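The values are calculated or read from the model by the stated rules, or taken from the named source; none is laboratory data. Keep in mind that this is a model prediction, so the values were computed, not measured. Cβ sites come from the backbone with ideal geometry, for glycine too, and all protein chains shown count toward neighbours.
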Amino acid sequence: MPHQGEILQDAIKNSGISITRIVDEMGITRPTIYRKFKEETVDYSFVKRIGDIINHDFSNDFTSVQQSALSFVTPVQKSSVTNSVTNNVTPRVAQIQSVDSDPSKQLLILQAKYIALLEAYNELLLKVYGPK
């Protein structure tokens with residue numbers, strides 16, 4: 001059974017929309033999206049943003065176990081990165097606090113927070129210094 005990253009990659013491939021367009025609209029780099037394709041679990045906000053770009057609903061693509069892993073991160077609408085520098089601050093991804101003592105779930109939560117922080121940092125760098 002394919003993991004979430006593979007499901008995401010297949011949906012993008014089947015949509016006919018280029019990776020270049022997706023990474024441009026999301027404000028991320030190509031290596032970032034290819035790393036996501038290799039991950040077994042992908043945070044909800046990332047899946048939602050991809051779905052919005054390619055007009056695909058992923059709710060039927062993941063098993064119930066995979067969907068439960070997606071619920072750690074609530075969706076956030078992020079603006080597309082433009083060539084002009086704006087003064088808008090990207091909103092932080094809201095995390096659901098878990099009282100679960102399961103170490104693997106806690107690790108997934110921390111991973112999602114770390115990735116969201118890295119993506120926000122990359123967006124800030126793009127806004128300040130612009131694309132290469």
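For S45, the requirement of being touching a residue at least 12 places away in the same chain (Cβ under 8 Å) and among the small types (G, A, S) is met.
Within the range 11-40, being surrounded by fewer than 16 Cβ atoms within 10 Å (Cβ to Cβ) and assigned to a loop (DSSP other than H, G, I, E, B) holds for G16, S18, T29, E40.
Find the residue count for the range 22-38, including only residues that are without any contact (Cβ under 8 Å) to a residue 40 or more places away in the chain and within 22 Å of L125 (Cβ to Cβ).
8
Being modelled with pLDDT under 80, surrounded by 10 or more Cβ atoms within 10 Å (Cβ to Cβ) and not basic (K, R) is a property that does not hold for F46. The single condition among (1) closer than 21 Å to A112 by Cα; (2) touching a residue at least 40 places away in the same chain (Cβ under 8 Å); (3) over 13 Å from the mean Cα position of the chain (by Cα) that E6 does not meet is (2). Does Q77 fit the bill of being over 21 Å from P2 (Cα atoms), modelled with pLDDT under 90 and touching a helix residue (DSSP H, G or I) at 6+ places or on another chain (Cβ under 7 Å)? So Q77 fails the test. Just wondering, is there one or more residues in the range 52-67 that are buried (at least 17 other Cβ atoms within 10 Å of the Cβ), modelled with pLDDT under 50 and among the polar types (S, T, N, Q)? Yes, the conditions are met somewhere in the range 52-67.
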